[in-house]
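Everything below concerns the one structure shown next.
All of the numbers you see were taken from the coordinates with simple rules; none came from a lab. All of these numbers come straight from a predicted model, not from anything done at the bench. Backbone-built Cβ (ideal geometry, glycine too); neighbour counts: all protein chains shown.
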Amino acid sequence: MLGDGSLERFRREGRIVVVGASLAGLRAAETLRDQGFAGSLTMIGAEPHEPYDRPPLSKQVLLGRASADRTALPRRRSVDANWRLGVPATGLDMAAKRVRLADGDEVPYDRLLISTGVRSRPWPHEDQAELDGVFVLRTRDDGAALARRLAEGPRRVLVIGAGFTGSEIASACCERGLAVTVAERGASPLVGALGGVVGAVAAELQREHGVDLRCGVMVTALEGDASGRVRAAQLSDGSTVEADVVIVSLGATRNTEWLAGSGLAAGPRGIACDAGCRAFDIRGIVTDDVYAAGDVARCPHPLFGYQFLSLEHWGNAVSQAGIAAHNMLSESTDRLPHMDVPAFWSAQFGVNIKSVGAPSLGTEILVAQGSLKEHRFVGVYGYQGRVIGAVAFDQARWLPFYQELIERTAPFPPPFPTVDRRSDGQRPVDADFPDPSVPTHGPTVTLSGYSPADRRMTFTPAH
Amino acid sequence: MLRIAVDLNRCQGYAQCAFLAPEVFAMHGEESLLYSPEADEEQREKVMQAAAACPVQAILVDTVDAPAEAVSGAR
Ligand SMILES: Cc1cc2nc3c(=O)[nH]c(=O)nc-3n(C[C@H](O)[C@H](O)[C@H](O)COP(=O)(O)OP(=O)(O)OC[C@H]3O[C@@H](n4cnc5c(N)ncnc54)[C@H](O)[C@@H]3O)c2cc1C
Ligand code: SF4
C-alpha cells in the first residue's frame, strides 16, 4: 500500500475475509486482532462447526478417550468476527474483490485469506465408497461416525493405506482389541514420508502389535452384502479380506476447486504463494490482497532452495497463519517470510514419532543415535552432503539439536560423534524412498518445483 | 467447559502436566502425551497450573476473557 495513510485506514476500518474456518483460519484471525486490526472480519467455513482440532480425531477420539464433538480449538483471544459457518465459498472474483457463497450471497473484501485446507481422497469407486461401513477420516463428523462404529465391536477392520493417519487408526484399533488388517501399496508403512529404512521399523511395530500387515498389495474392490454393508475386500494378490469396517486412508486432495477460473494460481497441489504467504495469480504475478495459509498453501522455502513446499502439518498451519496475518497488516518492508523448519509428530503403537525438516527430500539416512531394532533412535537424513531432516522414535528430546543442524545447513554425515552411536550408525545408507515420480499418499511434505503455475498437473493414485 | 490443545511439536514429554492435572493429561507409552481436548470447569485451576508449569509452554487453554462468541450454525 502507498505511504499515504491508506494502510492505517485499512487497519482501522478495512474488511478482511477468511475462507476456511479451521486451525489456520482461526489462528490468523486471532493474530489480526492481536496486531490491532479493528475493521470487519468475516469467517467463512464449509463445516457447520466452530474451529476444532484434527489430530485428536485419529488418536484420543478413536481410543474412546474423547468425543469427536469435543475437540474445539481453545481461543487465545476474542476475534469479534462475523461467522458464516456451514456455507462453502463457491467462487472468487479477484477484480471485484468478492467471494461467492453457496447460498448465493457475495461477500466483499479488501484483503482475503484462503485457508481451505485439504479433504480425504475418497475411495475411487463411488458405489463401493457408499457401502455402509466404509469410512474416511478428516472431519469431526467422520471421527464421530467411525468412533461409533468401532465401539460396536466390528469383527475385523481393514485400513487401506499406511501413511500416518492410516497407521494411527490401525494403532487405535489394536489398542481397543479389534482385529486389524492394513493394506499398503508401498513396501512398508510410512515409506513415502520416512523412507524404507524407517518404514521397516514401522512395519515391525505393526506386526508386533498384532496387525495383519500386507505390503506391496493394492485393494482392487470392496464388496457389500445384500443390505449394502461392506463385507470383504479383494486384493491385487488374489486374496480376500473379510472386514465389516473399511477405512480409506489414501491421502488428501487440496480444496481449490472453488477457485477454478478465478485467475489465482490454484490447482491440485495447492495455492502457490510467495515466502510471505501472498498468493500468485496464474501469470506468476504475486497478488497483494490475497493470501493463503495452512494445508492448502504451497510456499517456497529458503532451506530447500526456494522450491515450493506443501506441508500437511499442524505446526505449519499455525505459523503460516501468523505470518499471513502479520503481512496483511504491514507495509512491504515490514513483512516477514515464513521460514520455520517443518516439524511433525505422530503417536502410534505406543511410540512417539517426531520429525523435523524434510526427511522425504533425503537420499541417505544415518542412524545417529540409538538402534532401529529397539525402535528407539534418531535417524538423520542427508541430501547432497547436507543435513536435510531428522526423525526420532521415542527420542524426541534430541530433535532441537538436529533442527539446528538443518537450519545451519550442516554437512552430512555429521562429522562429530553422537551420543549412543551404535553399530547401526557407523555409516549412512540409502534412505530407500519410493520413486518420486510415482505419486504416493504417504508424504506429508511434498516438493513441487519452482513453477507457481499448476495447470498441467494431473494426479491419479493407483488405488 | 475448558478447551485445551497441546502443541506436540513443542512438547518434550517432561510430564509435569500429568502430575499436576492427571485427569486431563496422561503419558501414553514412554514419551507420548495424551490429553483431553475438553475438560470440566472444575479442572480449570489444575489445568492452568499445568499450563504454567510446562517448561516449553506447549499447553494452550482458552483465555478466560475470550467470550463465547455467537457462532451461526454451531452445535
Ligand atoms: C486425523 C488427522 C490427524 C492428524 N494428526 C496430525 C498430527 O499428529 N500432527 C500434525 O502435525 N498434523 C496432523 N494432522 C494435520 C493437521 O490437522 C492439519 O495440518 C491442519 O488441520 C491444517 O489446518 P488448515 O486450517 O490449514 O486446514 P484444515 O484443518 O483442513 O481446514 C480447512 C477448512 O476449510 C474448510 N473449507 C474447505 N473448502 C471450503 C470452501 N470452499 N469454503 C469454505 N470453507 C471451506 C474445510 O471444511 C475445513 O474446515 C492431522 C490431520 C488429520 C485429519
Ligand atoms: S509439561 Fe509440557 S512438555 Fe511436559 S508433557 Fe506436558 S505438555 Fe509436554
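Relative contact order for chain A: what percent, with Cα pairs under 8 Å and sequence separation of 6 or more?
Reported as a whole number, the value is 15 percent.
What residues qualify as long-range amide H neighbours of A:Arg121, i.e. H under 5 Å apart, gap of 5 or more or another chain, H built at 1.01 Å from N?
Hits under the 5 Å cutoff: A:Leu250, A:Gly251, A:Ala252, A:Thr253.
Tell me which residues come under 5 Å, amide H to amide H, from A:Val180 once H is placed; ignore anything under 5 positions away on its chain.
Close amide H contacts, sequence-distant or interchain: A:Val157, A:Asp212.
Need one number: nm distance between label points at A:Ser227 and A:Ala151, each 7 Å from Cα along Cα→Cβ, rounded to one decimal.
2.0
How would you order A:105-113, A:342-350 from highest to lowest mean count of nearby Cβ atoms within 10 Å?
My ranking of the peptides, most packed first, is A:342-350, A:105-113.
Inside 10 Å of the C-beta atoms of A:315-322, what's the mean count of C-beta atoms belonging to other chains?
For peptide A:315-322, the averaged partner shielding equals 1.
Given the range A:68-193, what percent of its DSSP beta bridges are antiparallel, to the nearest 5?
Once the DSSP bridges in the range A:68-193 are tallied, antiparallel ones form about 65 percent.
To the nearest Å, what is the center-to-center distance of the range A:266-323 and the range B:1-25, using C-alpha atoms only?
Between the Cα centre of the range A:266-323 and that of the range B:1-25, the gap is 31 Å.
For the range A:294-309, take each phi angle, set θ = phi - 60°, evaluate the Karplus expression 6.51 cos²θ - 1.76 cosθ + 1.60, and give the result in whole Hz per residue in order, putting x for glycine and proline.
x, 4, 7, 8, 10, 10, x, 10, x, 6, 10, x, 6, 6, 6, 10
Could you check what % of the DSSP bridge pairs in the range A:1-118 are antiparallel, to the nearest 5?
Approximately 40 percent, going by the DSSP bridge assignments.
How big is the charge dipole of the protein assembly as shown about its Cα centre, in debye rounded to the nearest 20, if each Lys and Arg gets +1 on its Cβ and each Asp and Glu gets -1 on its Cβ?
Dipole of the protein assembly as shown, to the nearest 20 debye: 580 debye.
Can you bin the range B:2-65 into rounded, prolate or oblate? Criterion: square roots of the alpha carbon gyration tensor eigenvalues sorted a ≥ b ≥ c, rounded for a/c under 1.5, prolate for a/b above b/c, oblate for the rest.
Prolate, because a/c is 1.5 or more and a/b exceeds b/c.
Work out the charge dipole of chain A with +1 on the Cβ of Lys and Arg and -1 on the Cβ of Asp and Glu about the Cα centre, then indicate which of A:Pro452, A:Ser262, A:Gln384 is farthest towards its positive end.
A:Gln384
What angle, in degrees between 0 and 90 and rounded to the nearest 10, separates the Cα long axis of helix A:23-34 from the longest principal axis of the Cα atoms of chain A?
Once rounded, one gets 40 degrees.
Output ³J(HN,Hα) for the range A:354-368: one whole-Hz value per residue in order, computed from phi by the Karplus curve 6.51 cos²θ - 1.76 cosθ + 1.60 with θ = phi - 60°, and x for Gly and Pro.
9, 9, 10, x, 10, x, 5, 8, x, 10, 10, 9, 10, 7, 6
Say R0 is 51 Å: what FRET efficiency, to the nearest 0.05, do B:Ala52 and A:Thr333 get from their beta-carbon distance?
The formula returns an efficiency of 0.85 here.
Cα centroid distance between the range A:199-253 and the range A:364-399, in Å?
30
In peptide B:55-62, how many Cβ atoms from other protein chains are near each Cβ within 10 Å, on average?
Across the residues of B:55-62, the mean count of other-chain Cβ atoms within 10 Å is 2.
Let me confirm one metric for peptide B:37-44, namely the mean number of other chain beta-carbon atoms within 10 Å of its residues' beta-carbons.
Neighbouring Cβ atoms belonging to other protein chains average 3 per residue here.
Let me make sure I get this right: for the range A:122-250, a, b and c are the square roots of the gyration tensor eigenvalues over alpha carbons, sorted descending. Under 1.5 in a/c it's rounded, otherwise prolate if a/b > b/c, else oblate. Which is it?
Prolate, because a/c is 1.5 or more and a/b exceeds b/c.
Select from the range A:308-417 those GluC sites (Glu not before Pro) which occupy a DSSP coil region and have at most 11 other Cβ atoms within 10 Å, ordered by residue number.
A:Glu331
Angle between the Cα long axis of helix A:164-175 and the longest principal axis of chain A, 0 to 90 degrees, nearest 10?
So the helix axis and the longest Cα principal axis differ by about 50 degrees.
Please identify every one of the trypsin sites (Lys or Arg not before Pro) in the range A:263-298 that sits in a loop by DSSP and has no more than 14 other beta carbons within 10 Å of its own beta carbon.
A:Arg283
Please report, in debye to the nearest 20, how large the charge dipole of the range A:117-227 is about its Cα centre when each Lys and Arg carries +1 at its beta carbon and each Asp and Glu carries -1 there.
Dipole about the Cα centre, nearest 20: 260 debye.
Quick one: grab the alpha carbon gyration tensor of the protein assembly as shown, order the square roots of its eigenvalues as a ≥ b ≥ c, and give me rounded if a/c is under 1.5, else prolate or oblate depending on whether a/b is larger than b/c.
Rounded is the answer for the protein assembly as shown, as its axis ratio a/c remains below 1.5.
If you restrict to DSSP beta bridges whose two residues both lie in the protein assembly as shown, what percentage is antiparallel, to the nearest 5?
70
Would you list, by chain and number, the aspartates and glutamates whose Cα falls below 16 Å from the Cα of B:Lys46, excluding same-chain residues fewer than 8 positions away?
B:Glu23, B:Glu38, B:Asp62
What list of ³J(HN,Hα) values in whole Hz, one per residue of the range A:124-133 in order, does the Karplus curve 6.51 cos²θ - 1.76 cosθ + 1.60 (θ = phi - 60°) give from phi, with Gly and Pro shown as x?
Computed from phi, the couplings for the range A:124-133 are x, 9, 4, 5, 6, 5, 7, 4, 5, x Hz.
Tell me the angle of helix A:191-208 to the major Cα principal axis of chain A, expressed in degrees between 0 and 90 and rounded to the nearest ten.
40
Run the reach check for A:Lys97 against aspartates and glutamates, Cα to Cα strictly under 13 Å, same-chain hits fewer than 8 apart removed. What comes back?
A:Glu106, A:Asp110, A:Asp288, A:Asp289
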